[in-house]
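First the structure, in the form of structure tokens, and then the observations on it.
The values are calculated or read from the model by the stated rules, or taken from the named source; none is laboratory data. What you see is a predicted model; the values in this text were computed from it and never measured. Virtual Cβ from ideal backbone geometry, glycine too; neighbours counted across all protein chains shown. In case anyone asks, the SASA skips ligands and DNA or RNA and just uses the protein heavy atoms, side chains included. Shrake-Rupley method; radii C 1.70, N 1.55, O 1.52, S 1.80 Å.
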Amino acid sequence: MRTSRTRSCQAGTAPTSGETALSRDGSVRKLYEEHHGPLMRYVSGLLRGDRQRVEDFVQETLVRAWTSIPDQPPGWTPSRAWLFRVAHNLVIDWARREQARPEVHHEHSLETHPEPVDPMREADERRFLVHALSRLSRPHREVLFYVYILGCTGPDAAHALGIPPGTVKSRTHNALRELRRRHPRHHFTAAA
């Protein structure tokens, strides 16, 4: 209420009769009591659920009605039709804003990883992998490290190791074949 009174005083004019009535006779309470229920039903019909959002829109509608009283002719009070139009416009504006926002898709959601991560199992697999790789020759370990751990392509690994690309392919193939031979229960697959 101070905001609207201050706004008029700053402009150098006396408060309008609407402001005076608003602050003296409790027009805000009357506005709320008369229109809150019907507005709730109307906005609920527009939103089909989400009670909290309905409350927010009704509150914003009543605030806009309250703040517009000083700008209207003396004795004006918002009609229910006017309040419904304001509420309708607020809901439409919100719906348009929501449609304009792109939907965010998370790659790492619970749906894509239904199995919980078992840290003991991962530690066991890492220990096995280190042991298995330690039994390979150094050139085979280096190629597997560049291709599988660092994710390098064949030509990139060849450039980094200073060997021809064909040698990278050959060493990768031979290293995987040796791992499969020594550990037949584990599944070692080639990089895609």
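Our analysis of region 46-107 gives Rg over Rh at 1.13, with the two radii drawn from alpha carbon positions and Rh computed by the Kirkwood formula. Solvent-accessible area of His186, all protein chains in place: 80 Å² (probe radius 1.4 Å, heavy atoms, ligands and nucleic acids excluded). Accessible area ranking (1.4 Å probe, heavy atoms, ligands and nucleic acids excluded), largest first, for Trp66, Trp82: Trp82, Trp66. Quick one: go through region 168-187 and flag any residue whose amide nitrogen is under 18 Å from the point 7 Å out along the Cα-to-Cβ line of Arg127. Only 186 fall inside the zone, counting backbone N under 18 Å.
Under a 1.4 angstrom probe, counting protein chains only, how are Phe145, Phe84 ranked by accessible area, largest first?
Values: Phe145 95, Phe84 55 Å².
Order by accessible area, largest first: Phe145, Phe84.
Subtracting the Cα-Cα distance of Arg185 and Ser134 from 0.36 nm times their residue separation leaves 16.6 nm of extension gain.
Heavy atoms of the protein chains alone define the surface here; on that basis region 52-93 has 55 Å² accessible area per residue at 1.4 Å probe size.
Working from label points 7 Å from Cα in the Cα-to-Cβ sense, the Leu150 to Arg101 distance is 4.2 nm.
At 1.4 Å probe size, with no ligands or nucleic acids counted, give the accessible surface of Arg180 in Å², nearest ten. So the heavy atoms of Arg180 present about 100 Å² to solvent. Projected label points at Lys30 and Thr167, each 7 Å from Cα along the beta carbon direction, are separated by 9.5 nanometres.
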